[in-house]
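The numbers here are math on the coordinates, done by the rules we state, and not lab data. Predicted, not measured: the structure shown is a model, and the values here were computed from it. Glycine also receives a Cβ, built like all others from the backbone with ideal geometry; neighbour counts cover every protein chain displayed.
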Amino acid sequence: MNQSPLSSSDHLSPESERSCCILMHLLGLSGLIFSVTCVHIIAPLILWLFKRSSSSLVDRTGKEVLNFQISWTIYLFVSGALCFVLIGWFIFPFVTLAWLLLIIRAAMKASNGELYSYPLTIRFLN
């Protein structure tokens with residue numbers, strides 16, 4: 001049986017698989033509500049840990065989301081620190097807007113059953 005790598009599910013229905021992937025991307029937006037804590041990393045991590053063995057797409061999406069959230073947390077921290085030397089006041093809004101737009105784009109791709117690869121992301125998990 002020759003399955004597409006994006007539709008291979010071991011235990012989840014295609015609808016559940018897609019919903020789980022969308023949710024993982026959108027859980028990153030929890031950083032807008034709980035910005036002091038690392039909820040935008042912890043929430044997708046918890047979902048990924050529970051569902052990664054159910055589907056290879058969910059496993060790959062979870063790794064991609066975690067890599068993205070960790071990378072962009074570093075970028076936001078650095079651009080925030082650069083505010084002390086004034087250049088950060090110009091960089092921080094663009095980094096924040098890019099973070100938000102990339103999450104929305106990834107969730108839209110996931111709603112179509114596609115695996116989205118975030119740009120400018122450091123690969124901590126492979």
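Rounded to whole Å and sorted largest first, list the principal axis extents of the Cα atoms in the stretch 28-119.
Projected onto its principal axes, the Cα set of the stretch 28-119 covers 47, 24, 19 Å.
In degrees between 0 and 90, to the nearest 10, how far off the longest principal axis of the chain does helix 88-111 point, with axes built from Cα atoms?
10 degrees
Identify the residues of the stretch 71-108 with backbone N under 20 Å of a label point that sits 7 angstrom from the Cα of Leu125 along the Cα-to-Cβ direction, or state none.
Under 20 Å, as judged by backbone N against the label point of Leu125, lie 71-76, 99-100, 102-108 of the stretch 71-108.
With r as the distance between the Cβ atoms of Leu82 and Glu114 and R0 = 25 Å, compute the FRET efficiency 1/(1 + (r/R0)^6) and round to 0.05.
Step by step, r from the Cβ atoms, then E = 0.15.
May I ask for the angle, rounded to the nearest 10°, between helix 39-51 and the longest principal axis of the chain, with both axes built from Cα atoms and the value confined to 0 to 90°?
Roughly 10 degrees, rounded to the nearest 10.
Sort Val65, Val95 by Cβ crowding within 10 Å, fewest neighbours at the top.
Sorted ascending by nearby Cβ count, the order is Val95, Val65.
Would you be so kind as to identify which of Ala107, Leu57, Ile70 lies farthest towards the positive end of the dipole of the chain, taking Lys and Arg as +1 and Asp and Glu as -1 on Cβ and the Cα centre as origin?
Farthest towards the positive pole: Ile70.
Return a whole-number percent for the relative contact order of the stretch 14-110, with Cα pairs under 8 Å and 6 or more residues apart as the contact set.
Here the relative contact order equals 32 percent.
About the Cα centre of the chain, what is the dipole size in debye to 20, counting +1 per Lys and Arg Cβ and -1 per Asp and Glu Cβ, all else neutral?
140 debye
Exposure proxy check: Lys63, Lys51 ranked by fewest other beta carbons within 10 Å? Provide the component values of the computation, followed by the final result.
Numbers: Lys63 17, Lys51 21.
The most exposed by this proxy come first: Lys63, Lys51.
Which ordering of Val39, Val78 is given by a fewest-first count of other beta-carbon atoms within 10 Å?
Ascending Cβ contact count within 10 Å gives the list Val78, Val39.
In nm, to one decimal, how far is the modelled label at Ile91 from the one at Leu49, with both set 7 Å along Cα→Cβ?
A separation of 3.2 nm, rounded to one decimal place.
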